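Notes follow the structure.
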Amino acid sequence: MFKQKRLVEKIEANNVKRIFEEINSKLKELGVGTNEPIGVAKLLHLFAPGYFPLIDNKIANATGLLPSKWESLTSNSYVDWMNMLRGWLQNYSEVVEELQNKFDSSILKLVDEGLYVMSTVKLRSRVRALGLKVG
């Protein structure tokens, strides 16, 4: 259903919410843990990497999708995330295909990697760990 879709196309919000909630419910039922919603986002991305964006808690907090670190991603906030990324990516439609081909990866995976670095990796401490002097 979603495998061939791309995020820059229309987002089927009701279907996305329904699927998100069904998978989240199943993961909770299985006792996966306390972070099922992030697991749902990762599973959805695996099934349709061009349509379902990745997200983690730190990125969700950094982007304001979670008002506090104690809240979980919801189907509504995931659709909000899809809409935010869709709007942003539409501004760069001419380079999206080029980047995907150059790095042999979906633009959503590339965006996730960039946001991961920006919101979770402490680059200054990593540079220091390499023995390089940081100003």
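The values are calculated or read from the model by the stated rules, or taken from the named source; none is laboratory data. Fair warning: this is a prediction, and the values are worked out from it, not measured in the lab. Cβ sites come from the backbone with ideal geometry, for glycine too, and all protein chains shown count toward neighbours.
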Residues being buried (at least 20 other Cβ atoms within 10 Å of the Cβ) and of a type in the set (A, V, I, L, M) - total across the range 97-110: 2
Odd one out for VAL79 among (1) touching a Lys or Arg at 6+ places or on another chain (Cβ under 7 Å); (2) part of a loop (DSSP other than H, G, I, E, B): (2)
Considering only residues of the range 46-86 that are modelled with pLDDT of 90 or more and of a type in the set (Gly, Ala, Ser), which is nearest to ASN24 (Cα to Cα)? SER75
Within the range 6-29, is there a residue that is crowded, with 16+ Cβ neighbours inside 10 Å, under 28 Å from LYS122 (Cα atoms), among the β-branched types (Val, Ile, Thr) and touching a helix residue (DSSP H, G or I) at 6+ places or on another chain (Cβ under 8 Å)? no
Between a first residue in the range 5-24 that is free of Cβ contacts under 8 Å to residues at least 60 places away in the same chain and a second residue that is in a loop (DSSP other than H, G, I, E, B), which pairs have beta carbons less than 7 Å apart while being 6 or more apart in sequence or on different chains? LYS5/ALA48; LYS5/GLY50; LYS5/TYR51; ARG6/GLY50; ARG6/TYR51
Test of understanding: among VAL127, VAL134, VAL96, VAL121, which residue is aliphatic (A, V, I, L, M), modelled with pLDDT under 90, in a helix (DSSP H, G or I) and over 14 Å from the mean Cα position of the chain (by Cα)? VAL127
